[in-house]
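All of the numbers you see were taken from the coordinates with simple rules; none came from a lab. The structure presented is a predicted model; accordingly, all values stated were derived computationally and were not measured. Every residue, glycine among them, receives a Cβ derived from its backbone with ideal geometry; neighbour counts consider all protein chains shown.
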Amino acid sequence: MCGIAGLIGESKQPQISYSLISKILFYLEKRGEDATGLWGTQKGAILADQDESKKPAIIYHKEPTKSSEFVKYSNVWRKVRKFNPNLLLLHARAASYGVGIPSYNKNNHPFTSDDVSLAIIHNGRIPEYTDLKDKFKTFSNCDSEILLRIIAGTETSEIEDETITDYQKTRLSGIKKIWSLADAAHMAVAVGEFKPDGTRHLWLWRNDHRPLWLADMRETLGQIFFFSEPPIWYEALKECPEIKNFLSKKQRLIKVPTEQIFHMWIDAENTIVTDDQVNKFNIKTGSLKTLEEISGSDLVPSIERKNPITSIICNLGKDDEPEEKVPVSATSKKKQTYSTGATSTYNKPVTGGVTSPNYNAHSSARTNAKNAGWGGATTYQQNQKKQDHLPPEAKGSLLVEIESICEQINTEITKVKTAIANNVSENSISADALSDILSHLESVLLDIRGTSHMVKGKD
């Protein structure tokens, strides 16, 4: 389960919109705490303009940090306030079994085209990923990237409909290909695109396995918001008192229908989505082609990383690793840093389809490890300050819980050792699978080391 959210339209009240979308991203964490990512386009910017003295057209960033900490402490998110996006995609990831560890940042959302003008976020699973990844060139081990590569690689259309544009035909052909090739997938998907003609496009769809909702705020804020589920929206509204004056009885929450594609767009003259700028298309699963029917021309060619075609705010360096570290809170008495070596350890993709550790299990230990210095902003001193306000009985209860989780970790490690030994003795496990297991165990080791550092750092 992951959380997705975003908006389209030029805000009538930029600061109100920023406050609201900040709260939405904050509460997306309830659906995933392994990584946070964003992609958006700036009001007034031109895609083809590479003049660094002018407004960057796109902001794009992702990192293995909880969304609540990202909102509170990240300088990247602070830049969104001045950026005043008129199209924005947000993602809070809950890493799934076998589809890319979050500490390897390439596996996190959003996924973008080589020029960064096209981006996708996804909530769900794609069981067909093992087969599809052999047909489409990817750079991560996350199944969601397949969706982006299918859409970006579909350059021609088989749709004959004179009532829609060539651009719509091409994108719909790509989406239809997704539905036909991944008809067993669970998905709620948002695609954002910035075209050279200055138009911004938002594509939304889902099936009955994943939720997706819209909030029509065009009358008051000039924007349409989307999000995974209504509780996220209502929590954000409750924590954003400045928006109360902008709520109206006409505010509508809309559940995106299954097997229906929403397409919305804006341009320089139509900065707020009108009813004429909303298109809905019905889709039927399995209606295009099967995997076996894909011809060579349909395959995504070998892709080389290219420089963006526009000026861009991007805090990702080589291999999609964050260049900017999340700053430590000013309330900390000390600044603690720990060098985990995570970047150098995960310098190669994880391959194979072996089941990975459950990233939702033992969340306390994992979160504490992140807080120890490589994805979070909270230091040991901050956590300790909070704990000092707890009564002794509460601390005792937490200690019992920690001991219980440690015992569970030992038990699970024993099970893993036994299962691996049995498979090796039976010669029923491949070298790639063992390499995959090793990478996942290294990830767990880093988390445990981070927790150890945090405990040893006690004054």
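Overview of results
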| quantity | calculated |
| --- | --- |
| Globularity ratio of the range 45-108, using Cα Rg and 2.2 N^0.38 Å | 1.35 |
| Neighbour-count order for MET217, MET1, fewest beta carbons within 10 angstrom listed first | MET1, MET217 |
| ³J(HN,Hα), Karplus 6.51/-1.76/1.60, whole Hz, each residue of the range 126-135, x for Gly, Pro | 10, x, 7, 4, 4, 6, 5, 5, 7, 9 |
| Which of THR220, THR156, THR65 has the fewest Cβ neighbours within 10 Å, and the rest in rising order | THR156, THR220, THR65 |
| Furthest towards positive pole of dipole, LEU88, GLN42, LEU20, structure part the range 15-110, Cβ charges | LEU20 |
| 23 Å Cα-Cα threshold exceeded, pairs from LYS12/LYS82; LYS43/LYS238; LYS72/LYS195; LYS66/LYS137; LYS54/LYS82; LYS195/LYS244 | LYS43/LYS238; LYS72/LYS195; LYS66/LYS137; LYS195/LYS244 |
| Cα extents of the range 3-314 along the three principal axes, largest first (Å) | 55, 45, 43 |
| Other-chain or far-sequence residues with amide H under 5 Å of THR199's (modelled H) | none |
| Using θ = phi - 60° and Karplus 6.51 cos²θ - 1.76 cosθ + 1.60, couplings along the range 175-189 (whole Hz; Gly, Pro as x) | 5, 4, 5, 4, 5, 7, 8, 10, 6, 9, 5, 9, 7, 10, 10 |
| For the range 3-19, 3J(HN,Hα) per residue [Karplus equation, 6.51 cos²θ - 1.76 cosθ + 1.60, θ = phi - 60°, Hz, x = Gly/Pro] | x, 10, 6, x, 7, 8, x, 7, 6, 7, 9, x, 5, 5, 4, 5, 4 |
| Neighbour-count order for SER430, SER144, fewest beta carbons within 10 angstrom listed first | SER430, SER144 |
